[in-house]
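Please read the structure below before turning to the comments.
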Amino acid sequence: MEQSNIYLQKFYTQMGHYPYPVHGICTLPTKMPMLVHSNKPEQIDEMVAIELQHLKTHYADEEQRYVDQMLLENPVVVERRPPTTRASDEATSVAVAATAQTLSNSRDTTQRQRAESCRKSRYNNKIKKAKLRFRHKFACNQLSESAGVLDYMRDVIAQAESQLLARGFNRAALERMRQNFGVDRCGAAITSSMDH
């Protein structure tokens, strides 16, 4: 039993929860409600829903923190486009400048506003693309970590099965346990979903 606690301790340490005995007291994650002791299916469903919501919130917070950190480390740079100047326009504009000064001012104002709007739009689009790229990178990192934890759990299960068989546990009973707990089914479903 002590050896299995070592494996679970390593697993929960990787996951960030520590439900292993500390000085004889079993510590559970702090967010777990006190519904654990009842056997009503509604309360178990509620507990699962609360925990899933907690995990979703935690994931979204971690993702946002990662994206913000990456944006700070890799700022988005939008280069200004050089203004277009035409020599013929300048010559004609000097001749007509006295008569159409007010018309020119309104056109310049709208052109500046348009240029500023386009600049903001380009900047916002670059930020959106950078955020999407960093979110994708975060999700890929999380999937690779999950795959590592899954591989580790498969190793722990295989080691536990080999120890049980070495102690004389019945292979048929072991296969029934695998079917009851869906060990093969879960592993296949997760592996197939990660391949897609």
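Bear in mind these aren't lab numbers, they're just calculated from the coordinates by the rules spelled out. Since this is a predicted model, take the numbers as computed values, not measurements. Quick reminder, even Gly has a Cβ in these numbers, built from the backbone with ideal geometry, and neighbours come from all protein chains shown.
Numerical summary
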{"read-out": "Full-stretch length increase - Met47, Ser117 - with 0.36 nm per residue and alpha-carbon distance subtracted", "value": "20.3 nm"}
{"read-out": "Peptides 164-175, 60-71 ordered by average Cβ neighbours within 10 Å, highest first", "value": "60-71, 164-175"}
{"read-out": "Proximal aspartates and glutamates to Lys137, defined as alpha-carbon separation beneath 20 angstrom and excluding residues fewer than eight positions away on the same chain", "value": "Asp61, Glu62, Glu63, Asp68, Glu73, Glu145, Asp195"}
{"read-out": "Added length on full extension, which subtracts the Cα-Cα distance from 0.36 nm per residue, Glu73 to Ile127", "value": "18.1 nm"}
